[in-house]
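The values are calculated or read from the model by the stated rules, or taken from the named source; none is laboratory data. Since the model is a prediction, treat every value here as computed from it, not as a measurement. Using ideal geometry, Cβ is built from the backbone for each residue, glycine included, and neighbour counts are taken over all protein chains shown. The accessibility values were calculated without ligands, DNA or RNA, using every heavy atom of the protein model including side chains. Shrake-Rupley method; radii C 1.70, N 1.55, O 1.52, S 1.80 Å.
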Amino acid sequence: MKKKFTILFIVSILMVFSVEIGFAQLSYDFNFIGAGARARAMGGAFIGVADDATAASWNPAGLPRLEKTEASVVGLYTTTSYSMNDEKIEGMDQKHGNLNFLSLAFPLVVGENNLVVAVAAQRVIDLYHSSETEYYSWETKGGVDAISPAVGLQLGSQVSVGAAVNIFTGKYDQEETYKLTNETETYTEKYSGSNVSIGVLFDLQKFRIGGVFKTPWDMTCKPEDTTDGEEYVISMPVMWGVGLAWEVTEKLLLAVDYESRRFSTSEMKVDDESESLEMEDVNQFRLGAEYLIFSGDNIIPLRAGIKSDAKPFKDYNDEQVVGGVFTIGAGLIMGNVNLDFAAEFGSTEWDVYQGRKLSESKTNLIFGAVIHLGE
């Protein structure tokens, strides 16, 4: 059954199939977070910050903080390697890049309050994976994207609210070649669904407190060729997060986030039958900092952060697998143009079977630009 290779179904049957499937599900990131090199350099602690063109993906209540029309573009390049008991595993290295985020935001004025409308597109789930052994090669491409019209409204001087409708679309292309027979099998699956993100932001001068709630949704998974399998549905869980930002000085900003994704409630539905995916909740702590260096008319931000990297499954010892990520980054603010760079260094290790430890090392390089359009 080919659909055993799809994203969430892989997790539910992790210990049943081959070790290679374990590599695949490790490479998928279930800590769904927002986009942007600035935010990611700060460890993803951005729910309480949310003051640039990427706000629609973090907390749409931050959109009213935008004073000019803004456009943003973000690219991401990922490299991943694996080892077993500190010995590198050949044929499992991952290297690929994609266009991660696009947005356009328009500030308006309603009375004395700021109203901002925006539209964004983000690669939410990256499904790229490749592996090669003596007997076969396997590569998957594609992912799940979100197209998100959003709006944010300022309510007085201290409170703003926002909402985004996330329209999910995308596909998964798999190609598997058996070297002994030189036979190649392909499989394509398409995804669709929608949900709503609702946010609030309190601005208390030196402190900002943000919250975001994302409604649960059903991801419909449909094989392109119905002879390869039948349509099924994955119930994606409710997700919520809170964040605090502290403007210590004009130059120094500190932020912390907590976000929860209730994957323990996720099910797979085929026809009228439902089955639990038996996944773990994915909870994440994020901590970040930004320091501004003023140089003439330009500003050079320096950023760093850390975050936990929980996986939705347990290891052989019945303990949830949790890795860690360290982030750094810098930027250059020149008039109406902001250029940003971030690097994320992640590491995860888990016991596969009686002391056999599988390790994943991942590096994400993120490049972003924000352009202010207008005076």
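Within segment 324-335, the residues that satisfy the criterion of being free of Cβ contacts under 8 Å to residues at least 40 places away in the same chain, open to solvent by less than 70 Å² (accessible area, probe 1.4 Å) and over 21 Å from residue 249 (Cβ atoms) are 324, 335. Restricting attention to segment 260-275, the residues that are open to solvent by 20 Å² or more (accessible area, probe 1.4 Å), part of a loop (DSSP other than H, G, I, E, B) and among the small types (Gly, Ala, Ser) add up to 0. Across segment 276-323, the qualifying residues are those that are in contact with a Phe, Trp or Tyr (Cβ under 8 Å, 6 or more places away or on another chain) and of a type in the set (Asp, Glu), and the one among them that is most open to solvent (accessible area, probe 1.4 Å) is 280. If you filter segment 245-259 down to residues that are in contact (Cβ under 8 Å) with a residue 40 or more places away in the chain and part of a loop (DSSP other than H, G, I, E, B), you find that the one that is most open to solvent (accessible area, probe 1.4 Å) is 250.
A single member of 131, 57 is small (Gly, Ala, Ser) and over 25 Å from residue 358 (Cβ atoms), and it is 57. Quickly run through segment 33-47 and pick out the residues that are closer than 18 Å to residue 292 by Cβ and either in a loop (DSSP other than H, G, I, E, B) or aromatic (Phe, Trp, Tyr) (or both). Result: 36, 42, 43, 45, 46. Residues that are aliphatic (A, V, I, L, M) and more than 27 Å from the chain's Cα centre (by Cα) within segment 74-114 comprise 108, 109, 110, listed in sequence order. Restricting segment 146-156 to residues that are open to solvent by 40 Å² or more (accessible area, probe 1.4 Å) and of a type outside the set (A, V, I, L, M) leaves a set whose member that is nearest to residue 92 (Cα to Cα) is 149. Which condition number in (1) among the polar types (S, T, N, Q); (2) within 22 Å of residue 125 (Cβ to Cβ); (3) modelled with pLDDT of 90 or more is the one that residue 6 fails? Answer for residue 6: the failing condition is (3). Restricting the search to strands (runs of 3 or more DSSP E) fully inside segment 157-244 and requiring at least 2 residues that are surrounded by fewer than 14 Cβ atoms within 10 Å (Cβ to Cβ) and without any contact (Cβ under 8 Å) to a residue 12 or more places away in the chain gives 183-204. Checking 358, 332 one by one, the residue that is assigned to a strand (DSSP E or B), farther than 20 Å from residue 97 by Cα and at pLDDT below 95 is 358 and no other. Looking only at residues of segment 337-360 that are open to solvent by 60 Å² or more (accessible area, probe 1.4 Å) and in contact (Cβ under 8 Å) with a residue 40 or more places away in the chain, we find that the one that is nearest to residue 71 (Cα to Cα) is 341. For segment 46-94, give me each residue that is basic (Lys, Arg) and closer than 30 Å to residue 141 by Cβ. The answer is 88, and nothing else.
Of all residue pairs spaced 6 or more apart or on separate chains, those with beta-carbon atoms under 7 Å, a first member in segment 31-54 that is under 22 Å from residue 238 (Cα atoms) and modelled with pLDDT of 95 or more and a second member that is assigned to a loop (DSSP other than H, G, I, E, B) and open to solvent by less than 10 Å² (accessible area, probe 1.4 Å) are 46/34; 47/59.
Residue count for segment 118-135 under the criterion of being open to solvent by 40 Å² or more (accessible area, probe 1.4 Å), in a strand (DSSP E or B) and out of contact with any Gly (no Cβ under 8 Å at 6 or more places or on another chain): the result is 1. Residues in segment 142-156 that are assigned to a strand (DSSP E or B), in contact (Cβ under 8 Å) with a residue 40 or more places away in the chain and of a type outside the set (A, V, I, L, M, F, W, C): 143, 148, 152, 154.
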